[in-house]
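Computed from the coordinates by the stated procedures, all read-outs in this text should not be read as laboratory data. Quantities reported herein were computed from a predicted structural model and do not represent experimental measurements. Heads up, the Cβs are rebuilt from the backbone with ideal geometry, glycines too, and the neighbour counts pull from every protein chain shown.
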Amino acid sequence: MQVDRSIFKTYDIRGIWGQDVNEEIAEAIGKAFATYLKPKKVVCGRDVRNSGPQFQAAVVRGLRRMGVDVVDIGLVTSDALYFAVGKYGFDGGAMVTASHNPPEWNGIKLTRDRAVPIVGSENTEIGAIVADDAYRPVATSAGSYSNMDIAPDYIAQVLSFHNSGGGRKLRVVIDPGNGTAIRFLSAIMEQLPYEWSGINMQPDGSFPGRNPNPIAEGALYGLKQKILERRADVGVAFDADADRMFFMDEQGHRVLGDVLTALLAKEFLKKQPGAPIVYNLICSHMVPEEITKAGGKPIRSAVGHAHMKPAMRQHEAPFGGEISGHYFFRDHFYADAGLVAMVVGLEYLSHQRKPLSALVRQIDRYAHDAEVNSKVEDIPGRLAALKQRFKDGKLDETDGITIEYPTWWFNARPSNTEPLLRLSVEAKTQAEMEKRREELLRLIRG
């Protein structure tokens, strides 16, 4: 079959609907998934994108033609799909979503049993099966099809992470960005002791309210205005499939993902003293310092859920976080779950006497600039040049290269999907961080 192999990416399968992916290719992905995993029963869901029903129906058709039984859970967040795989014991899962990409995109995230993600070379192998039409049925007859409403169980699961009372009655403004979090948001918030309101609360796959990527420039301006207008204690934003979550403080400033990781870690360590907490290596050094100060054991991971989830499983860590706004929970099948992160964050904040901005200032002690992208043709050559220039520093090659000095450090790592080198720099002062960043960018960009 003619297919653009570049749609089979490290973390998912993704492209522009009608151009890179269509119903024929979606059905082929369903058949290839069945061939590769050989499951008996799979659960399938989708986000709000306009092409979602067509994409999902084609994937289901492909799975059933290979003899796989399919349970359709309809419109759900990505982590609700992961929850369904783990909770009900499915052999695998297929979530139709393009995450935070623009409206014209769509794709699919695949998992094994226990919500273990299919990533990296596994997606490449599925792509090869599609390209070669190398399908192999798992049964002699067509698979069955049924529907299932997981909402009651999923909502109860999310609420189980908010398990203590007695805190402040926070004023909360939430912006799901016309995305899939809306499916469950009201039912969750109505059972929590907070005063809340929402913006962009109509599910709409064209995302009229804002960019589906909350960290795109200007995306959260509307949320900031509502926070200030309503004198809210905190704002909450989600991406389109709600696997990422972001807080804004009472002044309308976005709280960086690594800062929130450190704050949420305190909530878990209060309940599970001494527990391991996983963070990725481009987070501020403040994160492991705060985890240690709170009595936890910091576990450093490469970037991305393909690395974070195995690290969490290995150490049985109750919580992990990334600067990108992904937060992972052991008791939620190690899934990155925006709604779970929200309820944990609200519970933590409700028990603090200080506003969120003050809590951030207490720990955000370094000057940090994460993931500055540069288009680079010869990535290995650039990395070699950086290693030579900074050969007197402490080198770590866990994910790209990280080189540390007493007062500053940097990480340069290749993108998994584009010819980009991503630079993260941190120093003890703003002046040194800016100086080192400019020096590094000159070397990277030539």
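Below, the figures for the structure above:
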{"quantity": "Residue order, fewest to most surrounding Cβ atoms within 10 angstrom, among 339, 421", "calculated": "421, 339"}
{"quantity": "Stretchable slack from residue 40 to residue 151, in nm (0.36 nm times residue separation minus alpha-carbon distance)", "calculated": "37.6 nm"}
{"quantity": "Net charge, residue 21 excluded, C-beta distance under 13 Å - Lys, Arg +1, Asp, Glu -1", "calculated": "-3"}
{"quantity": "Calculated over segment 84-169: convex hull of Cα atoms, volume per residue (Å³)", "calculated": "194 Å³"}
{"quantity": "Contour minus Cα-Cα distance for residue 4 and residue 362 (0.36 nm per residue)", "calculated": "124.0 nm"}
{"quantity": "For residue 420, distant residues with modelled amide H under 5 Å away", "calculated": "376, 415"}
{"quantity": "Residue-count net charge about residue 203 - beta-carbon cut-off 15 Å; Lys, Arg +1, Asp, Glu -1", "calculated": "-1"}
{"quantity": "From phi via Karplus (6.51, -1.76, 1.60), per-residue ³J(HN,Hα) for segment 215-223 in Hz, x at Gly/Pro", "calculated": "9, 5, 4, x, 5, 9, 4, x, 5"}
{"quantity": "Of 431, 398, 414, farthest towards positive along the dipole that unit charges on Lys, Arg, Asp, Glu beta carbons give segment 367-445", "calculated": "431"}
{"quantity": "Magnitude of the charge dipole, segment 1-74, Cβ model with Lys/Arg +1 and Asp/Glu -1, debye to 20", "calculated": "300 debye"}
{"quantity": "Cα-only Debye scattering, the chain: base-10 log of I(q)/I(0) at q = 0.06, 0.12 Å⁻¹", "calculated": "-0.25, -1.04"}
{"quantity": "When each of 271/428; 38/271; 109/387; 266/428; 224/375 is checked by Cα-Cα distance, pairs over 30 Å", "calculated": "271/428; 38/271; 109/387; 224/375"}
{"quantity": "Whole-angstrom gap from segment 418-446 to segment 136-215, using each part's C-alpha centre", "calculated": "37 Å"}
{"quantity": "Rounded to 5, the percent of DSSP beta bridges in segment 5-149 classed as antiparallel", "calculated": "40 percent"}
{"quantity": "All lysines inside 25 Å of residue 270 as judged from Cα atoms, apart from same-chain residues fewer than 8 positions distant", "calculated": "169, 293, 297, 309, 354"}
{"quantity": "Percent RCO, i.e. relative contact order, over the chain, from Cα pairs under 8 Å lying at least 6 residues apart", "calculated": "13 percent"}
{"quantity": "Value at 222 nm in deg cm²/dmol, rounded to 500, when DSSP H runs of n ≥ 4 in the chain each add -39,500 (n - 2.57)", "calculated": "-11000 deg cm²/dmol"}
{"quantity": "The chain: antiparallel DSSP beta bridges as a percent of all, rounded to 5", "calculated": "60 percent"}
{"quantity": "Charge dipole of segment 154-363 about the Cα centre (unit charges at C-beta), most positive-ward option of 212, 255, 167", "calculated": "167"}
